[in-house]
Amino acid sequence: NGMTLFFSRKERISLSIEFEAGTKRTNSKWSTFLDVSRVMPTKSVLSVDEVDGPKRFELAYNVTLCSSIFSRTRVITFYPRYQIVNLLSGGLVVAQECALRSETHIPSQSWVPFHWENSSFPSKIRLKFDEQENTHENKWSSGCIYLDKIGITALRMPLANKSKPLIIQAETRLATKRQDCAIMVVIWSSIEKSNPLYLMKNNSPFTVLCFQPTNNTQQDATLESRELSELFGKFFNFDCGQGMKFVDNDDSDSKEFIWTVSPGESIGFGWDDPEVAHALRWTCSNASNFLLHGENHSVSDIEVDTIGHISTVKLQQGDYSGRSSGMEQRVTCEIKADKSTKVILFDLKQTNLNESGVSESPSSGDTEVAAVSFQVHIPGLTISMIDNVSDSRPG
């Protein structure tokens, strides 16, 4: 709508948002005064809060000039600050953390603006798949996505009617000048053949089990073997004459989701909680007897975001140390980079044992040291600030 400023030397405006609150329509508080006396092609942000309520609406605006003969006319355009884009094949449901009852449905291949249900809650969202397309009740994601932190992450999504985990990638990016928002959150499916963010690959002949330590398990880096065996125990099920079986735990009450990677398998990987340290605690099937008999070195930790990081677990062969064969076998986990993908590679390594039964370490001449240097040029820096005024009057 057009608006003319009569008798306004300062050329400042204030705005309020009309919205539905239950069965009635109401207005938010007035925003601070916005200076529209000069052209502002770059988007600035503002927020207005609900009157006597927790809702918060965050907007962006810019001031531009009309073209041609109307060049003296300034156009003030308002946008939603956040816009969530769903590039998945099915519908998506998002909600603010701690306010999961206030859901926002996003159809496939579409986008919606997003505002905060409660300004005192964290500025992050949880996701789940839309239940309209199936009869199962989907669960909310264990982790969240921050809308005020620029970056990309991979997230594991619980899905009730599928045993195999489904991984999505979410990128929070600054919008371009042509996009009708200030911050855009793009969500799409992580495809193994299209450079996913993380990829787990098992080249060893043993099944690998791993999980992301939560805040509880992360506080003690050297968990007791009893606790580890309880965590992994139900995944090592032995039936007489049938060998070992592995069980999925997506429907269990366990806080840690156990990933099972079969020999020769390559699967996409996503975090249960991107806010927790990006590390994995892992073991393999042939090390299970060590684990159940109190050997902590059959479980290892690795930092996934550190390229070149290596961790190992010992394997059971002959007696405890493998002296009967003169070889000590270990499964290694190494973090490698393949283009834009971080590859979590599991492989089998064999080490010769000397006469005293100690493994021989490789000579220093076999060690390669690589140095990488790079430069980053930042053409500009944008800082957005929000100043809220709690007064009910304009400004």
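Extent of the range 21-96 along its three principal axes (Cα atoms, max minus min coordinate, largest first): 45, 39, 20 Å.
Projecting the Cα atoms of ALA175, ILE145, ILE191 onto the charge dipole of the range 144-194 (Cβ charges, centred on the Cα centre) puts ILE191 farthest toward the positive pole. Rounded to two decimals, the Cα radius of gyration of the range 56-124 over 2.2 N^0.38 Å is 1.52.
Pairs exceeding 20 Å between alpha-carbon atoms, taken from LYS124/LYS342; LYS139/LYS201; LYS43/LYS149; LYS124/LYS149: LYS124/LYS342; LYS139/LYS201. Spatial offset of the range 139-153 relative to the range 170-188 amounts to 14 Å, using the alpha carbon center of each. Distances between placed amide hydrogens fall under 5 Å for GLY91 paired with SER108, ASP130, all partners being 5 or more residues away or on another chain.
Taking the range 187-217 and a reference point 7 angstrom along Cα→Cβ of SER340, the backbone N atoms nearer than 15 Å belong to 187-199. Applying the Karplus relation 6.51 cos²θ - 1.76 cosθ + 1.60 with θ = phi - 60° to the range 50-63 yields 3J(HN,Hα) values of 5, 6, 6, x, x, 5, 9, 10, 10, 10, 10, 8, 9, 10 Hz, where x marks Gly and Pro.
So if we plug the beta-carbon distance of ARG12 and THR73 into 1/(1 + (r/R0)^6) with R0 = 22 Å, what FRET efficiency do we get, rounded to 0.05?
On the way: r = 18 Å, r/R0 = 0.81.
The pair ARG12/THR73 has a calculated efficiency of 0.80.
Across PHE70, PHE346, the residue with the most accessible area heads the list, and the full order at a 1.4 Å probe is PHE70, PHE346.
The values are calculated or read from the model by the stated rules, or taken from the named source; none is laboratory data. All values reported here derive from a predicted model rather than from experimental measurement. FYI the Cβ positions are ideal-geometry reconstructions off the backbone, even for glycines, and counts take in every protein chain you see. Just so you know, the surface numbers come from the protein's heavy atoms only, side chains and all, with ligands and any DNA or RNA stripped out. Shrake-Rupley method; radii C 1.70, N 1.55, O 1.52, S 1.80 Å.
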